[in-house]
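Coordinate-derived values only; no laboratory data. If you're wondering where the values come from, they're calculated on a predicted model, not measured in any experiment. In this analysis, Cβ positions are derived from the backbone assuming ideal geometry, glycine residues included, and neighbour counts consider all displayed protein chains.
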Amino acid sequence: MKFERKDILGISELSVNEINLILETAESFLEISTREIKKVPTLRGKTVINLFFEASTRTRTSFEIAGKRLSADTINISASTSSVVKGETLIDTARNLEAMNPDVIVIRHSAAGAPHLLATLVKQSIINAGDGAHEHPTQALLDMMTIKEKKGKIAGLKIAIIGDITHSRVARSNIYGLTKMGAEVVLAGPSTMLPRDIEQMGVKAYTKLEDAIPDADVVMMLRIQLERQKQNIFPSLREYSQRYCLHSRNITLARKDAIVMHPGPINRGVEISPDIADDSSRSVILDQVNKGVAVRMALLYLLTGGNE
Amino acid sequence: MKFERKDILGISELSVNEINLILETAESFLEISTREIKKVPTLRGKTVINLFFEASTRTRTSFEIAGKRLSADTINISASTSSVVKGETLIDTARNLEAMNPDVIVIRHSAAGAPHLLATLVKQSIINAGDGAHEHPTQALLDMMTIKEKKGKIAGLKIAIIGDITHSRVARSNIYGLTKMGAEVVLAGPSTMLPRDIEQMGVKAYTKLEDAIPDADVVMMLRIQLERQKQNIFPSLREYSQRYCLHSRNITLARKDAIVMHPGPINRGVEISPDIADDSSRSVILDQVNKGVAVRMALLYLLTGGNE
Amino acid sequence: MKFERKDILGISELSVNEINLILETAESFLEISTREIKKVPTLRGKTVINLFFEASTRTRTSFEIAGKRLSADTINISASTSSVVKGETLIDTARNLEAMNPDVIVIRHSAAGAPHLLATLVKQSIINAGDGAHEHPTQALLDMMTIKEKKGKIAGLKIAIIGDITHSRVARSNIYGLTKMGAEVVLAGPSTMLPRDIEQMGVKAYTKLEDAIPDADVVMMLRIQLERQKQNIFPSLREYSQRYCLHSRNITLARKDAIVMHPGPINRGVEISPDIADDSSRSVILDQVNKGVAVRMALLYLLTGGNE
């Protein structure tokens, strides 16, 4: 199957066949990062720009490593050093970068839709590395890759996503992807953190964690964005963690072989207790990070015409 | 012709022959950025340091891409992360970098003359990527390359440069270069933004845009440095744009086939109206950016002895 | 001799044989940085992460150049752009990086012991690029390499270290290394800057510069950390420099052929007078920087199994 897309903007527009192609390609790339010489010449002479308007260690580093292991030239631009401080519009920034002939622009932006705008304006491939509270497709793809590896499948699994659903691009992309792949997705979070019409996305939503995780095969905890909690969505952090923190007692409601996921960075003791986060029999949090490099290698490869 | 210079500090000291050699070399590099594999081994094993004491997206990125497409190792140092915060002098910074054996140091600095000081102190090649309000030679070279491509020549053209001439290193470098190459250069800007003795540089200066652009082949708009307008040089931005913004009415004073240039980033509606900036029949703003990579590749190549 | 260590955390744990192996390996790498093509394929396909929680020009740049000249892929992460701003613990950051399969993580951190903690947690090699006031092993190694080259030996030399001993990781690493290698180390600094039990490290300590430098073969001046002098350790900078600045008069107390060292960046006129810093017959400050690249190349090479 040929990959026909110019951009990766969200999971919402990907077909099941496309998701499967990406995951299979990523699986074939996983081994490269375990070699003595972790580098293949596939993208030699291609230019990948990481354009980050929000701080990020892991996503930017993951894309940079993915690009370099494929021998691409990688360029990092972060908002703090960019001409954004000079008031240039996103559109002008994009067109300027386009004129330097990159092959792929990876963008993270606080505004939902920013990558989509770029994609209509420039001829290069755009990868959405997170846009506001909208989508974070590479995170959902690495989550699906991790689930598939650990559980052998996605279809038919019960997957609970717990936390601030409203503000989570991770949740949104995973809901699109997991339901598409045939999983049963249930959510839990404070009512102030559950979008009103969320059940129209084909999921069930609860305000109690204990209602969502019974018999779950996968428990995916979301990050509370402490740095954004200036507007008090919930009364206090302590109250949140009393009701929504995953720990050694409530985890017993899930299936015995349930895996625990988190997109990181973890607020230990807020959304997940340290013993659960570090329990290697359950926690697949670092597997997620590991799959992230392979997923991003796969996308860079597919978007630059690798499988033609 | 062999290129004999150690450094590129300003257009003022370049001869017509040197400018022509740089432009011809850049033209031969233009094609590399359009290849499937945008990379040649010319500068393999060379080290290029981008030492930026002022924020920049496009110039830094342009140099970094230029270096990488020539297979150089590129190192970015920005003021905010550098030991400048520890109070080290520019001289000590330069000598320390010298001791690590780079081949080229690209420097942007808010102080006029900083690159020249460096050039006398270190044995490596220095490229001035903008020093205060003094010179920005790579910008002028890419501007001349763009004009030459669009108009077939530079000599004999009438070129109007509009805006804050006093504070513009772009204006200064272009005045040196364009007059040297035989163009007629006319300026317009508020009297507070016109250096007193500017006509000694071989140009005419007006306080009205309408006096400068009649019959111009090229209209080059300068950027108003909004971020530096704490000292009120002009009464208000609105008043400035009423008198000096290029738009669909005053552009008709120029030649029908006149091209419009801007060094970016654009303040849309301040120095240029959006319809003119985006009019692909006139605006060559993105061509300028595109030529920038080729010009910088040419300079890196020539300074490291490429054409010997 | 095979190099058996996983990490380079401090000079305190290195044996004389290990130090000699590192210095000899570094000497063999010195020549690469003087070649026309300054690059060897030794670390092709290896990933080196520079994880800097403190600002640094020279150390970060030195490691980055060292990695690139060995053809490693180098990734820079600085605290200001990292997810540290999201409150992630150092441990989680490290484990996340580990999951992306780097080969070496170079870390600078304001907390003493941070690199040691990392080393116990992740399987990759850790290099300490400075941890609080504890150790800065690569600085001491490049200092020893410089002394060995200039003096032909280390054993038997008298080496004076002057300044703020208490807060200096450079002093601590050098005391460990130089005494191990058989040098006589004497210290001088204000009593508030001399650790109480420092003589138990096998050195002599004085409060007067004039007591420490007589007959010294090497005078090593430490940097006063102006940016950290909010708590007044000494009455005034002027008083400090009157008593502890190395200048053309007190240097005559040292041996005629004594060399002068400084880890940089220099506060000219505070700890060393400009004429001494720039006296090429005595000052080896830029040699130190030059050796720094070679020492870091040697460590990257040895830690990735280069000499097996």
What do the square roots of 5 times the Cα gyration tensor eigenvalues come to for chain B, in whole Å, largest first, as semi-axes of the equivalent ellipsoid? 32, 22, 17
Dimensionless Rg/Rh of the stretch A:88-143, both radii on Cα and Rh by Kirkwood, sits at 0.98
Exposure proxy order (Cβ contacts within 10 Å, fewest to most) of B:Val106, A:Val40, A:Val260: A:Val40, A:Val260, B:Val106
Taking a quarter of the surface of the convex hull around the Cα atoms of the stretch C:231-307, what do you get in nm²? 7.7
Size of charge dipole - the protein assembly as shown - debye, nearest 20, with Cβ of Lys, Arg +1 and Asp, Glu -1, no other charges: 80
Total formal charge among the other residues, if their Cβ is under 15 angstrom from that of B:Ser281, Lys/Arg +1 and Asp/Glu -1: -1
Counting only DSSP beta bridges with both residues in chain B, what percent are antiparallel, rounded to the nearest 5? 5
For every other residue with a beta carbon closer than 13 angstrom to the beta carbon of A:Pro214, add +1 if it is Lys or Arg and -1 if Asp or Glu, then tell me the sum. 0
Could you compute the FRET efficiency for B:Ser12 and C:Glu27, with r as their C-beta to C-beta distance and R0 at 60 Å, rounded to 0.05? 0.85
In whole µm²/s, the translational diffusion coefficient that Stokes-Einstein assigns to the stretch B:104-217, given a Kirkwood hydrodynamic radius over C-alpha pairs, 25 °C and 0.890 mPa s, equals 165
In whole percent, what relative contact order does the stretch B:1-71 give with Cα contacts below 8 Å and a gap of six or more residues? 32
Amide hydrogen neighbours beyond the local backbone of A:Leu187, cut-off 5 Å, H modeled: A:Ile161, A:Lys204, A:Ala205, A:Tyr206
Within 10 Å of each Cβ in peptide A:279-291, how many partner chain Cβ atoms are there on average? Round it to a whole number, please. 2
Radius 10 Å from Cβ of B:Glu135, net charge of other residues (Lys, Arg +1; Asp, Glu -1): 0
Antiparallel bridge percentage (DSSP; both residues within the protein assembly as shown; nearest 5): 5
Read phi for every residue in the stretch A:46-59 and hand back ³J(HN,Hα) as whole Hz from Karplus 6.51 cos²θ - 1.76 cosθ + 1.60, θ = phi - 60°, with x for Gly and Pro. 9, 10, 10, 9, 9, 10, 10, 8, 10, 4, 6, 8, 6, 5
If you take all C-alpha pairs in the stretch C:152-308, what percent of them are over 23 Å apart? 37
Put one equal scatterer on each alpha carbon of the protein assembly as shown, apply the Debye formula with no solvent term, and list log10 I(q)/I(0) at q = 0.06, 0.08 1/Å to two decimals. -0.47, -0.83
Given pairs A:Lys38/B:Lys38; B:Lys2/B:Lys291; B:Lys2/B:Lys180; A:Lys2/B:Lys291; A:Lys153/A:Lys291 and cut-off 25 Å on Cα-Cα distance, the over-length ones are A:Lys2/B:Lys291
Three-way shape label, the stretch C:45-141, alpha-carbon gyration tensor, a/c 1.5: rounded
Modelled label-to-label distance, B:Glu149 and C:Lys2, 7 Å Cα→beta-carbon offset: nm? 5.7
Counting pairs of alpha carbon atoms under 8 Å apart in space and at least six apart in sequence, what relative contact order in percent does chain C give? 20
Mind listing the label-point distances from C:Asp211 to the same position on all other copies, shortest first, one decimal in nm, points 7 Å along Cα→Cβ? 7.7, 7.7
Quick one: with label points 7 Å out along Cα→Cβ, list the inter-copy distances for C:Gly182 in nm, shortest first? 7.4, 7.4
Exercise: per-residue mean of other protein chain Cβ atoms within 10 Å, B:37-45: 4
If each label sits 7 angstrom from Cα along the C-beta direction, how far apart, in nm, is A:Val16 from its counterparts in the other copies? 7.2, 7.2
Taking the square root of 5 times each eigenvalue of the Cα gyration tensor, what semi-axes in Å does the equivalent ellipsoid of the stretch A:1-74 have, largest first? 21, 18, 13
Could you give the size of the charge dipole of the stretch C:26-165 about its Cα centre, using +1 on the Cβ of each K and R and -1 on the Cβ of each D and E, expressed in debye and rounded to the nearest 20? 480
Taking a point 7 angstrom from the Cα of C:Gln242 along the C-beta vector, which residues in the stretch C:190-206 have backbone N less than 18 Å away? C:190-192
Highest average packing first - B:279-292, B:8-21, Cβ atoms within 10 Å: B:279-292, B:8-21
Only helices counted: for chain C, with every DSSP H run of 4 or more residues adding -39500 (n - 2.57) and the sum spread over all residues, [θ] at 222 nm is -10500 deg cm²/dmol
I'd like the mean, over residues of B:50-56, of how many other protein chain beta carbons sit within 10 Å of each residue's own Cβ. 2
